[in-house]
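Please read the structure below before turning to the comments.
The values are calculated or read from the model by the stated rules, or taken from the named source; none is laboratory data. If you're wondering where the values come from, they're calculated on a predicted model, not measured in any experiment. Reconstructed Cβ throughout: ideal geometry from the backbone, glycine too, with neighbour counts over all protein chains shown.
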Amino acid sequence: MVEIETFATSIQQYAPTVQLTSEPDELRNYAVDGLLPRLVVIPDSVEQVAQIVALTNQQGLKLLTRGGGSRINLGGIPEQIDVLLETTKLTRLLEHEAPDLTCHVEAGITLAALQAQLATKGQWLALDPPDAEQATLGGILASNASGPKRLRYGSARDMVIGLRVVQASGDIARSGGRVVKNVAGYDLNKLYIGSLGTLGIIIEANFKLQPLPISERTFLLTFLNAADAMQTVITILGSLLTPSAVELIDARAASDMSDFFGLNLPTNGYTLAVNFEGSAVAIDRQSDETRSLARKNGALLSDDLTGEAQDQFWDVVREHTQGSVTCKVAVLVSQVASYLQRIEQVCRRNELEAAVVAHAGNGILYIELRPGDATPRLVEAIRELRLYAQEARGRLVVERCPIDLKRLTSVWGEPGPDFYLMQRLKQQFDPDSTFVKGRFMGGL
Amino acid sequence: MSITELPPPVTTPLFERMTAAKKAEVVRELSDLLGARYVLYTPYDLMLYEYDASIDRSTPDVVVLPATTEDVVAIVKIAARHHVPVVPRGAGTGLSGGAIPIYGGIVIAFARMNRILEIDYDNLRAVVQPGLVNLHLSNALNPQGYYYVPDPSSQRSCTIGGNAGENAGGPHTLIYGVTTNHVLGLEIVTPEGNVVQVGGWTYDTPGYDLTGLLIGSEGTLCIVTKIIVRIVHLPEAVKTMVAVFDTMDDASNTVSEIIASGVIPAAIEMMDEMILQAVEADTHAGYPLDAAAVLLMEAEGLREAVAEQVDKIVSICNKHHARSVRIAANETERQLFWSGRKNAFGAVGRISPEFYVQDGVVPRTRLPYVLRRVGEICASYGLKVGNVFHAGDGNLHPLILFDSQIPGEVERVRKAGHEILEVCAEAGGTITGEHGVGIEKQEEMALIFNEVDLRVMQQVREAWNPRQLFNPGKLFPMPGRCAEIKQL
C-alpha cells in the first residue's frame, strides 16, 4: 500500500492550497465509528476535490467524504478510511436567481448559512433537518436528511433540480440542470440523494426554492391515547386542511423536552403539534377546524405557539430525533398507533424505555431507546421492532447507535430482492471501490 | 451536431430485423403463452403500432397484449432467448418516439393491464397497473373527494405506465410536481425476467432510490408492471382566470412577476395569437382572436387562500397592461377555458396538415427573450409557429406548422427545432421538460450534457439493460439513425 505521506505530498504538488492533516491527535476528531482516517484533506475548490479523488483512485486508496459531520456516523461501520475529504471550505452560494425561485450552491455550505442568505430575498430552501448550523447541504443530500415540514414540501428528492458530482475516476459529471422541470436523460439526482457518498461526491447542487411563509402558527393538542391522536392525524390529512407539519410526541419525549429545554408540554398521553403556514385569515380558519375535529377525537386541551416560542419548539423537536440510540421507522400513517403499542410491548419485554417523536403525517417515527448501553436487550428490541415495521409494509433504520451495538445489529436491515440492482450500480459507478465501503446498505 | 447534419448510418445496427422463420417461431411461442387473440403480427394489425405522437415511425414484428405480470415475464424471457428487442407501449401518445420500436421486435401493449388494484384513502395511496388511463384514476377517486395530480394534456388517453416511463408533467405540476413526485414504488420486470419491487408504500426506503431513477427512464431500464402512487384531496376552491394581453412581452413579464412575488398558482398556461385562433375555431372557449397572448391561470386550495391569490394575480396582470382578466363564473365555464387549452394540439390540426412540437425549458425570467428568439428562428426558416405552454414552469411548447408535401419542409422544421433547443440550452435551460428524449432529441442531449455526463448515464443502462434488450437505441446520441422519417 502507498505510504500516506507520499500521497499527501503528491496532493500538495497538485494543489498547494489544500489543507492536510495527519496528526494523530487531530485525526481523532474525525473518527467514524471509532475508526481513524489516515489523512484528512480539506480542499477549497471543486477542482481540487476532483484532483484528490483521481489521485486516490489511482493509488488504490479509500476515500470518505464528510460535510459538517453531524451525520457521519449514519450507516454501518466503515471498512477502511485512508483519506477523509471534508467539504466545509466549499461554501459559496454561486447563484440565487430569486425571481426564478432557484439557487445554485457549493456542497459545503451549511443549511443555516444558506437559509440566511436566501432569507434576504424572502425565500428559503424548504428542508428542515436538525443541526442546520453544522449540517452542510452536501451531507444533507447524501444522507437524505429531512424534517417535520416534509409533510408539505417533500424531501430532498423533491427540491434538487441539478447536481455536480465527482465520480470515482475524478471526472465531474452533471445531472439535471437549473430549471424546475427537466426530463433529459436519467434522473441521476434521485440516485445520488441518500446514497451516502457511495456513488460519487456531491460538490454543487441546484435547488427549487419556496417563498418564506407570510405567517406561521403551531397548535398543540393533547390526547390520552395514540389511537385518538392518530385518528385526528388521518382526519386532518384526508381533509381540506393543508398543514405544513404534523408531529406526534409521546410522554417520555415530551418530558425530556420539558426538562432539558424548558418547554412546558404535558407529560402524560400524546402531544400533537400541527403547524400551518400562510395568511392569517387562512390560518385562523384552519385553526378553528383543527380544534373542532381534535375535540371530536378526544383532545384534552390546546395551546398555540407563534414567534420565538414556536421556533424554539420546532428546534427542540428536530433535535430530539437524535438520541444516542435512535431508530427511524417508516410505516403507513394508519399503522402508527398500533406501532406505538408494539414499541411499548417490546420495551416492556426487554426492560427498555422508548421516547418517540414522529412526523405523524408521513408515518415516520424516531424512536429513542434507552438505556443506550443495554446492548443485548437493544439488539433484541431492534430485531423485534424491525419485524413489526416490515409487517406494516415499512422499514426500520438504526440512525444512531454506539459502536458496540452497531457491531451486533444491522443498521439498514437485510437488503431486499432489488439489492442486486444496487450492487450493479455501485459496480458501474465505483468499480475500484474508491469510496469507502461498509457504511451503506448491504455493505456498499 | 444537428440531426440533419448526421452522416449516413455506418455502424452495425444493435439488432437485425427478425427473419421470417424466427418471427414465426417467436409468434408461435407467444401465442402458446397468451392465446392467439393477444398476439398481433400481420402488417394490417401492426400498422397501428408503428407510430406515436412524435415524428418518427418504425414497424414492430409482433405486438403482444399481456394480462398479468407473469405474462410480461414470460414475454421478456422469450425475447431474451431469441435476442429480440422489447418496447413497452401505453397509449402511444408520447411525443418523443419512446414507444417506437426502432429495430422492430416485440411491442408490449398494456391495454389489458389497465386496472386499479387498490385504493387506500386512510394512507392516500393507490396501486395501479401500467395500462390504466391517467384520467380514469382521478375519475375513480373524485366521488370520494380525491384525485391523482399529474395531468398531461393527453390524460384522457395516456396511461400511467407511460407517464412513469416519461416522467410526464402537465399544467398542474407547477406547485405539485411531476410524475416522479407522486410515485412511491414500482413493480418491475428486468431484462433477465425477474420481478422486483422497488420503493414501496412508505417513505425513505433504505438503499438507492431506484424508483426515482426508473421514473423517466423511457423504457430503457425495465418494464413497469405496477405503480404505487400518492393521491390527494380535491381542493376546496378553484378559481380559473383568463388574462388577455396585447403583447407577448407583457404576458411573459406577468408570469415572471407572479412567480417572483411568491404567489405560486396551481397552473399558469400561455397561448399566443396563432394558437388562440386555432383553439377558438375548434372549441369556442371565448378567447379573443386579436390578442397577442392569453394567460390561463388557476389558483386552488382553501377558499380564503384562493381569494387572496386571485387578488394578487389580477393586480399583477393589470400592472402589466392586461386588456382584461376574466374569472370563470362556474365549473362549466372553467371546463370550457381548460378544454381550449387541452385541445390546443388537436385544434392546430385544423389549420395545418402537420405540426412539430418542441418541449424546451428555460428559467422563467428568460421567457420574454426566448419567445422572441423562437419567433425569429421560425421566421428565418419561413415557418409558422404557435406557442401553447406551461409558462409557470418555463416549459415551452412551440408548435411549428408544416406540410411534408412541400419539398425540404421537414428538414427546415428539424433545423428550426434544433435551433430553438440551442437557444433554450444557452439560456440555462434544458431540451425537454416532460416529453422525454426518445428518438427525437437524442442528438440534442449533447447541447446540455458533455461526454462525461453522458458516460455516467450510460453506466446506468449498462447496469440494468446491458444488451439493450429493452427499448434499444434511444435516449443517447447515436452514431446513426435507423428509424424512418415519418411520411405523412
- Message: Of the conditions (1) hydrophobic (A, V, I, L, M, F, W, C); (2) in contact with a helix residue (DSSP H, G or I) (Cβ under 7 Å, 6 or more places away or on another chain); (3) at pLDDT below 95, residue A:168 satisfies every one except a single condition; which number is it?
- Response: (3)
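Conditions (1) small (Gly, Ala, Ser); (2) modelled with pLDDT of 95 or more; (3) not in a helix (DSSP H, G or I), marked per residue:
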| residue | (1), (2), (3) |
| --- | --- |
| A:243 | no, yes, yes |
| A:256 | no, no, no |
| A:260 | no, no, no |
| A:267 | no, no, yes |
| A:282 | yes, no, no |
| A:300 | no, no, yes |
| A:303 | no, no, yes |
- Every residue from segment A:223-238 that is surrounded by fewer than 22 Cβ atoms within 10 Å (Cβ to Cβ) and assigned to a strand (DSSP E or B): none
- Would you confirm whether any residue within segment B:65-83 is in contact with a helix residue (DSSP H, G or I) (Cβ under 8 Å, 6 or more places away or on another chain), over 25 Å from residue A:186 (Cβ atoms) and crowded, with 24+ Cβ neighbours inside 10 Å? yes
- Task: Kindly provide the set of residues from segment B:276-304 that are of a type in the set (A, V, I, L, M) and over 27 Å from the mean Cα position of the chain (by Cα), ordered by number.
- Result: B:289, B:291, B:302
- Item | Looking only at segment B:374-400, and only at residues there that are within 14 Å of another protein chain (Cβ to nearest Cβ) and part of a loop (DSSP other than H, G, I, E, B), the one that is farthest from the chain's Cα centre (by Cα) | B:394
- Message: With within 13 Å of chain A (Cβ to nearest Cβ) and either in contact with a Lys or Arg (Cβ under 6 Å, 6 or more places away or on another chain) or not β-branched (Val, Ile, Thr) (or both) as the only criterion, which of B:276, B:210 stands out?
- Response: B:210
- Task: Return the only residue of A:251, A:309, A:245 being in contact with a helix residue (DSSP H, G or I) (Cβ under 7 Å, 6 or more places away or on another chain) and among the hydrophobic types (A, V, I, L, M, F, W, C).
- Result: A:245
- Residue within segment A:93-109 that is surrounded by fewer than 23 Cβ atoms within 10 Å (Cβ to Cβ) and within 15 Å of residue A:143 (Cα to Cα) present: no
- Message: Tell me which helices (runs of 4 or more DSSP H) are completely within segment B:13-85 and hold 1 or more residues being touching a Phe, Trp or Tyr at 6+ places or on another chain (Cβ under 8 Å) and under 19 Å from residue B:470 (Cα atoms), or say none if there are none.
- Response: B:20-34
- Query: Checking residue B:261 against (1) surrounded by fewer than 19 Cβ atoms within 10 Å (Cβ to Cβ); (2) more than 10 Å from every other protein chain (Cβ to nearest Cβ), which test does it fail?
  - Reply: (2)
- Message: Would you confirm whether or not segment A:313-334 contains a residue that is within 14 Å of another protein chain (Cβ to nearest Cβ), in a helix (DSSP H, G or I) and either closer than 12 Å to residue A:221 by Cβ or in contact with a Leu (Cβ under 7 Å, 6 or more places away or on another chain) (or both)?
- Response: yes
- Item | For residue B:280: the one exception among (1) charged (D, E, K, R); (2) farther than 16 Å from residue B:388 by Cβ; (3) in contact (Cβ under 8 Å) with a residue 12 or more places away in the chain | (2)
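Could you list all residues from segment A:40-54 that are of a type outside the set (D, E, K, R) and out of contact with any Phe, Trp or Tyr (no Cβ under 7 Å at 6 or more places or on another chain)?
Matches in segment A:40-54: A:41, A:42, A:43, A:45, A:46, A:48, A:49, A:50, A:52, A:53, A:54.
Give the residues of segment A:114-128 that are touching a residue at least 40 places away in the same chain (Cβ under 8 Å) and out of contact with any Leu (no Cβ under 7 Å at 6 or more places or on another chain), sorted by residue number.
Listed by number, the residues that qualify are A:126, A:128.
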- Message: So, in segment B:107-142, exactly how many residues are outside any loop (DSSP other than H, G, I, E, B) and within 14 Å of another protein chain (Cβ to nearest Cβ)?
- Response: 7
